[in-house]
Amino acid sequence: MAPLVCISAILDSIQGLLTGMICTRVSNSLRSRSPQAVRVSVSAEMDLAASESIMVSSILFARTMF
């Protein structure tokens with residue numbers, strides 16, 4: 001149980017940092033009127049969130065199976 005809690009804490013802190021960076025980048029891109037940069041930033045964040053949820057779900061699923 002302890003390794004799972006540690007991994008969860010690390011992933012939460014990484015996601016928090018990435019979210020802050022993406023939010024700042026989107027804000028700056030909107031201010032400079034660059035919609036393409038906003039699209040790239042938002043899609044990158046969505047991809048990271050999806051891959052993180054798949055990874056955590058896989059870990060939890062594997063933990064209950066084995």
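Read-outs throughout are calculated quantities, based only on the coordinates presented, and are distinct from any laboratory measurement. None of the values given here were measured: they were computed from a predicted structure. Methodologically, a virtual Cβ is constructed for each residue, glycine included, from the backbone with ideal geometry; neighbour enumeration extends over all protein chains shown.
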Q) HN-Hα J couplings of the stretch 38-51 from phi, Karplus 6.51/-1.76/1.60, θ = phi - 60°, integer Hz, Gly and Pro as x? A) 5, 4, 5, 5, 5, 5, 5, 5, 5, 5, 5, 5, 5, 5
**Q.** Spacing of the two label points (7 Å from each Cα toward its C-beta) at Asn28 and Leu11, in nm
**A.** 2.9 nm
Q | Label selected from (i) 24; (ii) 58; (iii) 45, the criterion being percent of Cα pairs over 19 Å apart as computed here | A | (iii)
Q) Can you give the helix-only mean residue ellipticity at 222 nm for the chain, where every DSSP H stretch with n ≥ 4 adds -39500 (n - 2.57) and the sum goes over all residues, rounded to the nearest 500 deg cm²/dmol? A) -33500 deg cm²/dmol
